[in-house]
Amino acid sequence: MTTCEYNYDLVRKAVCSGYFINAAKVKGIGEYVNMRTGVPCRLHMSSALLCLGYIPEYVVYHELVMTSREYMNCVTIVDPHWLAEMGPMFFSIKTDLNKSKAEMDK
């Protein structure tokens with residue numbers, strides 16, 4: 001943490017670079033879906049993210065714990081742009097086709 005001067009976004013971006021394969025997007029309240037495989041999953045009951053007060057839209061996780069449902073373990077919130085940057089072979093950012101090229105270059 002001291003090498004990144006306590007910038008937690010740099011730490012989360014580093015985690016994203018290693019686990020972008022295990023990216024999930026929110027599907028409903030407490031429900032996520034793996035962005036590559038489509039496997040439905042949920043936050044594990046021990047996850048600190050359950051107590052945030054809001055539902056993170058994009059996360060990466062270390063592993064899935066299989067019980068009666070699939071639960072994500074060791075979960076980190078990520079920015080979708082990081083996923084496109086770290087794993088361009090799997091992810092891309094959709095742009096608005098109605099915007100002119102000059103507006104997008106701003």
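The values are calculated or read from the model by the stated rules, or taken from the named source; none is laboratory data. From a predicted model like this one, the values you see are computed outputs, not experimental measurements. Note that each Cβ is placed from the backbone with ideal geometry, even for glycine, and that neighbours are counted across all protein chains shown.
Figures for the structure shown
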{"quantity": "Meets criteria (assigned to a strand (DSSP E or B), modelled with pLDDT of 90 or more, surrounded by 13 or more Cβ atoms within 10 Å (Cβ to Cβ) and among the hydrophobic types (A, V, I, L, M, F, W, C)) for residue 26", "calculated": "yes"}
{"quantity": "Qualifying position, being assigned to a loop (DSSP other than H, G, I, E, B), surrounded by fewer than 16 Cβ atoms within 10 Å (Cβ to Cβ) and either at pLDDT 90 or above or at negative phi (or both), among 89, 104", "calculated": "89"}
{"quantity": "Failed item in (1) closer than 13 Å to residue 24 by Cα; (2) without any contact (Cβ under 8 Å) to a residue 60 or more places away in the chain, with residue 95 passing the rest", "calculated": "(1)"}
{"quantity": "Residue in the range 38-49 that is closer than 22 Å to residue 86 by Cβ and loosely packed, with under 11 Cβ neighbours inside 10 Å present", "calculated": "yes"}
{"quantity": "Checking residue 54 against (1) touching a Gly at 6+ places or on another chain (Cβ under 8 Å); (2) aromatic (Phe, Trp, Tyr); (3) free of Cβ contacts under 8 Å to residues at least 24 places away in the same chain, the condition it does not meet", "calculated": "(1)"}
